[in-house]
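Just so you know, all these numbers are worked out from the coordinates, no wet-lab data involved. Keep in mind the model is a prediction, meaning the values are calculated, not measured. Reconstructed Cβ throughout: ideal geometry from the backbone, glycine too, with neighbour counts over all protein chains shown.
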Amino acid sequence: MVFKSNQKSSVQESDENLALVAKAASSVSPVNELNAVNQAAICKSASITHMQRNDVLKPENAHRWLMYLIEGSVTLYSGKEEVGTLSARTPQALEPLFSDKEAYQSLKTPAVAKIVKFGREQMDILISEQQKNAISVTDVQVTELDNLLFDDIYADISNNKLQLACFGESTAKILPTLGNSLGIPELAEIIQSDAGLCVFMARMANRADGGSSDSIQTTRGAISRLGVEATVQGISEHLKSNTLICKNPIIQDRFRRFSQRTRLASAISQVVAKELSNLKSETAALNAIFSDIGELAVITYAERHADKFTDPAQLAGCIENLRGIVSHWLLSSWEFPVEFVDSAQNARDWYRNHPGEISYADLMAASLLIIHSELPESEQSSIPSADNLLLARRLQQAGIDLKAPQDILSQATENSAGVQELFKKAS
């Protein structure tokens, strides 16, 4: 969902509303029971009410809306008698207002507050369809750590200060050694080995020429738009302040595994796309890097609170709850191609059934399935087996067998060998 306006203040307010609605959808009950796709759908019709001092809200429209307090506090009344207060970001605020009509019949704001409203009828339809189509419905419990990280991410995006960490160490060694002798293909491979660096370069290219050009869809396209010299200089400067050296080994291990998985997913997507006439292999590679960019944001901001992560499951839980929401939000806000936004939203919806041709989101999903089947991680994963998935059957009809992925994985690994040689030369 993208809000657009010619007025800067309108854009800023719309972005803030988008963030508030998305955050609420992932935490309030029962909206948080919807999967990522259905949460995005209900967010499109959601609205935010700004309440001023002494404004009164009554339950007349509660049959049409699920209403939640998301900022500020309110005083609760039974008739004219004050019976309590309710503050945002408390467990009680995660439940719909007026769900217990016996407890209070109206509320008043002592200062200012914000109320988000989701359509009750739409919610009933979406949850009914989800329960009908899904193998299981997962109840997501949002934690204090989730809120802590999301608040940090939201604050930095609002101030245009968002940071996405670079793995950086190997790349920083290559540039002084080889520098401007690198050609565009080699430089593209180096950039694509680091998700944070890749996003930085794509956004830098999108802002070139006043942002009047079409959004970047390939890393080579970004380099061509900027020029090799400007690209090398840009990433060299960026790495100086954005290479993350983790103090917490739990965060460092997750960062390392995220980087490895992203590089491999990009290589696999590129290999598979070559078998499909409607998709471009280089676009598939960049899309795979961007699809889980929300995970990189969570890792980056987790390091700010390194002392709070004492168990890998804590960080894994934050990533599971926030990855899709933040990925979709960032790519939408930065106006990347609609295919990239679709992938961020749908690539991990394993059981979806969509009409039309195989998409870049499907390639990302296929890459994750292959990686999980051949290189499973030790912790419990939400990624299922490809057996009996509609996606596996559709790809098999195109000559791509997810149940025998060794050849695809081998080719992807072989294709990424070039950049590893560059790292060796520089070390």
Distribution output for the stretch 222-359: share of Cα-Cα pairs per 10 Å bin in percent, first bin at 0, values 11, 33, 38, 16, 3
Mean separation of Cα contacts under 8 Å (at least 6 apart) over the residue count of the chain, i.e. the relative contact order in percent, is 15
Rounded to a whole number, the Stokes-Einstein D of the stretch 214-286 in µm²/s (Kirkwood radius over Cα pairs; 10 °C; 1.306 mPa s) is 109
By the mean-Cβ-within-10 Å protection proxy, highest first, 310-321, 285-296 rank as 285-296, 310-321
Given 37 °C, 0.692 mPa s and a Kirkwood radius over Cα pairs, the Stokes-Einstein diffusion coefficient of the stretch 39-91 in µm²/s is 251
